[in-house]
Amino acid sequence: MSKEMLNAFAMLEEQKGIKSEIVIEAIEQAITAAYKRQYGQAQNVKVIFDEKKGNFNVYSTREVVDEVFDSRLEISLEDAHELNPHYEIGDKIMFEEKPKDFARTAAGAAKQVIMQKMREEERTIIYNEYSRYKDEIIQGTVEKVDARAVYVNLGRVDALLTKKDQIPQENFHVGDRVKVYVTDVVLTPKGTRVFISRTAPDMLKRMFEKEIPEVFDGTVEIKSIARDAGDRAKVIVQSHDENVDAIGTMVGAKGSRIQGIIRELAGEKMDIIEWSEDKATLVANALKPARIEQVLITADGSSLAVVARDQLSLAIGKRGQNVRLAAHVTNSKIDIKAADEFNLDDYEFVGEDGEEIPTTEVDETLVVEEVDETLVVEEVVETPEVSESEE
C-alpha cells in the first residue's frame, strides 16, 4: 500500500460519491477475514490504516501470562519484560504481523469484500438521491419505446413508464424530454427502482403548485383532484384569503395560467370547482357544466342530483365520465335523475340536524336550487373572449 491508495480513495469519493472512510473500513474487514481464513483465528487481530503512508498494518494482541498455552494469544511475563520491564500479568501487548505469503491471500479476499461494500454504498447513495423526488415531478429522457413501456433515463437510474401510467394519446420517441411524477422509490438488492407516472392526480397538483404562486404558498388550496388522464380533470379549490378568487386565480385571464398545464398533459380539459362546506352545493358545482336543478342528500349519505331532461346526458357525461369524476372528486356516491322521473316518495332524506326524516316531510329548504356557476376551463381555453364574471 502507498500514497497511490490514498489517491484511489480520493477518486472513488469524487467520481462515485463513496466516502474514503467506507472503503477503508471495508478493506480492514476484508484483511481481518483473510487472516482468519489463513491462520484459523482472528479474535486478537486488529487492522489499522496509516493515513500518512496509505498502508494497512496488521497487529495481533497478546496477553501477558505466567504460563503460555497459546502463543498466538499469549506471551510470558519473562518475554514481555524483554520488551519492556514495566509489563505486568494481564497487560495487552500489540505486535505487528507480517505473515509469509499473507499479502496475496488478503488481496483476494479484500477484493471481493471491497467490491460488495462499494456496490452497497453506491446503491444507498443513489437511493438517497432519488428518494427525495418521491411525490415530486422530475424530467427524464426517453431511451427506448416498446409495446409494454417507455424507458425513461432519469440520470443515474432508468425507470419504466408503463401503459397504465401513460396518457393514452401521447406518443414518445427516443430522445424526447418528458416530465414524470415519482410515485415511489424502492431500494432493492439489484439497485434503486423509481416508479413514475403521468396519470397520477398528484402530478396535476404539483404542476399547479409550480405554475401558480398562490397554490404554492397555500393562499389557494387544492382540496381534491379526479382525472381521466389526457381527457378531463376536475379540481376542487378553496381560497384562504377573502380577497382572492380561487377559480380566477387558478385559471388566469383568458386561461393564461392554465394553458401551459393543459398543453403539457396532451390537451386535458379541466373543470375548476369552488369548494363548499355544504355537500349538496359542492356536488352541484362538481357536476358542471350541466345545469343542476336540485341536489338532495339521502339517508345513506348518497347525493341525488335532479336535472332537466335536456341536461341529463350532459350531467352523466360521455361513458358516464362527468358523474364519475364528480363522485370521485367529492368522495360521494351520486345518482342522477331527470326531473320528470323524480319522485320524492321514493327516497328518505337527511335534515339539517342529520336526522332521517320521512319523504313526506321534506322541506323545500333542503333543495339546492341555485348554486354559483363553476368555471369550465374547457370553455375558457377554446373561447377567445371570457366574461369578467367567469374570470
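Worth pointing out:
- Residue check, G218 open to solvent by 30 Å² or more (accessible area, probe 1.4 Å), part of a helix (DSSP H, G or I) and out of contact with any strand residue (DSSP E or B) (no Cβ under 9 Å at 6 or more places or on another chain): no
- Scan of segment 190-205 for residues that are among the β-branched types (V, I, T) and modelled with pLDDT under 95, ordered by number: T192
Residue by residue, here is whether (1) modelled with pLDDT under 90; (2) under 30 Å from G218 (Cα atoms); (3) basic (K, R) holds:
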residue: M250; (1), (2), (3): no, yes, no
residue: E268; (1), (2), (3): no, yes, no
residue: I273; (1), (2), (3): no, yes, no
residue: A308; (1), (2), (3): no, no, no
residue: V323; (1), (2), (3): no, yes, no
residue: T330; (1), (2), (3): no, yes, no
residue: F349; (1), (2), (3): yes, no, no
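- In segment 299-332, the residues that are exposed (fewer than 13 other Cβ atoms within 10 Å of the Cβ), of a type outside the set (G, A, S) and within 20 Å of S276 (Cα to Cα): N331
- Residue, nearest to R324 (Cα to Cα), within segment 199-213, restricted to residues that are surrounded by fewer than 22 Cβ atoms within 10 Å (Cβ to Cβ) and either touching a residue at least 60 places away in the same chain (Cβ under 8 Å) or more than 23 Å from the chain's Cα centre (by Cα) (or both): D202
- Restricting attention to segment 64-76, the residues being open to solvent by 50 Å² or more (accessible area, probe 1.4 Å) and of a type in the set (S, T, N, Q) number 1.
- Set side by side, the residues T32, T61 differ, and just one is among the hydroxyl-bearing types (S, T, Y), modelled with pLDDT of 80 or more, over 30 Å from A10 (Cβ atoms) and open to solvent by less than 50 Å² (accessible area, probe 1.4 Å), which is T61.
- Considered as a group, the residues in segment 225-275 that are part of a strand (DSSP E or B), open to solvent by less than 10 Å² (accessible area, probe 1.4 Å) and among the small types (G, A, S) include one that is nearest to P168 (Cα to Cα), and that residue is A233.
- Cβ-Cβ distances below 8 Å connect the following pairs, each with a first residue in segment 64-83 that is touching a residue at least 24 places away in the same chain (Cβ under 8 Å), a second residue that is surrounded by 15 or more Cβ atoms within 10 Å (Cβ to Cβ) and of a type in the set (S, T, N, Q), and a separation of six or more residues or different chains: V64/S76; V65/S76; R72/N44; R72/S60; L73/N44.
- A single entry from L287, L296 fulfils the requirement of being open to solvent by less than 10 Å² (accessible area, probe 1.4 Å) and closer than 27 Å to M207 by Cβ: L287.
- Filtered by the rule that a residue be free of Cβ contacts under 8 Å to residues at least 60 places away in the same chain and in contact with a Phe, Trp or Tyr (Cβ under 8 Å, 6 or more places away or on another chain), segment 222-256 gives I222, K223, V237, Q238, A246, M250.
- A count restricted to segment 189-198 and to residues that are in contact with a strand residue (DSSP E or B) (Cβ under 9 Å, 6 or more places away or on another chain), among the charged types (D, E, K, R) and open to solvent by 40 Å² or more (accessible area, probe 1.4 Å) stands at 1.
- Only listed residue being of a type in the set (V, I, T), over 15 Å from I225 (Cα atoms) and touching a residue at least 60 places away in the same chain (Cβ under 8 Å), chosen from T298, T281, T330: T281
The values are calculated or read from the model by the stated rules, or taken from the named source; none is laboratory data. Because the structure is a prediction, the values reported are computed rather than measured. For neighbour counting, all protein chains shown are included, and Cβ atoms are generated from backbone atoms with ideal geometry for every residue, glycine included. Heads up: the accessible areas ignore ligands, DNA and RNA and are worked out on the full protein's heavy atoms, side chains in. Shrake-Rupley method; radii C 1.70, N 1.55, O 1.52, S 1.80 Å.
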